[in-house]
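All remarks here apply to the structure that follows.
Just so it is clear, none of the values below were taken in a lab; they were calculated from the coordinates. Given the structure is predicted, the values throughout are model-derived calculations rather than measurements. Every residue, glycine as well, gets a Cβ built from its backbone with ideal geometry; the counts of neighbours run over all protein chains shown.
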Amino acid sequence: MKLYYTTTSPFARKVRVAAIEAGIDDRIELVVTTVRDPESALLPLSPAGRVPVLRTADGVVLSEATYICSYLADVHGRKPLMPTGDKRWRALEVEGQACGLLDGVVTWVRALRAPEELRNPKAIALEDARVNRCLDAFDRRAGAWEGSHAVFHLPQITLGCALGALSFRLPDVDWRAGRPALSDWWDRISERPSMKQTAPFE
């Protein structure tokens with residue numbers, strides 16, 4: 001299998017962390033690629049030009065991080081990425097909210113990348129509010145996770161990648177302020193080997 005990724009994409013990081021946590025990272029060849037180069041090797045595989053992209057051994061090309069994670073866990077995983085039974089639906093509830101946070105962070109970052117004279121203040125304020133609303137909700141959830149940081153399924157992976165992207169791309173945003181439970185949880189999971197090995201860099 002080949003995984004096409006960039007070193008700064010939180011979506012690609014999600015897949016890389018999941019592969020390590022599932023115990024199958026040794027079966028995946030990592031291919032660093034570009035997403036804005038018309039000559040990129042990624043484009044013949046993914047016309048959308050987005051990462052991550054996984055090419056399986058039998059030639060299937062999968063895109064979108066959540067689908068790739070599902071494939072890795074269901075077909076090759078040595079450790080589960082999601083709980084089973086009724087707990088699965090609770091986990092999917094958290095996963096959906098974590099995906100919303102991650103989307104909000106990425107959209108916020110993109111809005112702020114525009115030259116100042118071209119920025120849309122309303123759009124920026126909307127994403128600011130969305131991200132902070134999600135962070136407040138996760139701080140309340142993280143209080144119930146105290147002592148259970150060893151549970152690191154896909155919802156927690158997504159949340160960790162969202163917080164990592166926020167810290168990396170918007171270092172001046174003090175998201176920890178007033179959120180002690182979430183801040184403590186982040187400190188704990190940041191020490192996991194999967195998170196350390198996939199930390200973003202330019």
Contact order relative to length for the chain, counting C-alpha pairs under 8 Å separated by 6 or more residues, stands in percent at 26
Among the DSSP H helices of the chain, those whose Cα atoms extend at least 27 Å along the helix axis and whose mean Kyte-Doolittle hydropathy is -0.5 or higher are 86-113, 121-144
Put in order of increasing Cβ neighbours within 10 Å, starting from the fewest, LYS14, LYS2 give LYS2, LYS14
Mean-square fluctuation maximum in Gaussian network of the chain, Cα pairs under 10 Å, restricted to LEU159, LEU101, LEU45, hits LEU45
Hull volume per residue for the stretch 86-192, using the convex hull of the C-alpha atoms, in Å³ is 94
Restricted to the chain, the DSSP antiparallel beta bridge percent, nearest 5, is 60
Cβ density ranking, 10 Å radius, fewest first, applied to GLU127, GLU64, GLU29, GLU202 yields GLU202, GLU29, GLU64, GLU127
Sorting ALA123, LEU101, PRO38 by the position of each Cα along the dipole of the chain (Lys, Arg +1; Asp, Glu -1; all at Cβ), the one nearest the positive end of that ordering is LEU101
Rounded to the nearest 0.05, FRET efficiency between ALA41 and ASP136 (Cβ-Cβ, R0 45 Å) equals 0.65
Residue separation between LYS122 and LYS196 times 0.36 nm, minus their alpha-carbon distance, gives in nm 23.1 nm
The answer for trypsin sites (Lys or Arg not before Pro) in the stretch 150-202 that fall in a DSSP coil and have at most 10 neighbouring Cβ atoms within 10 Å is none
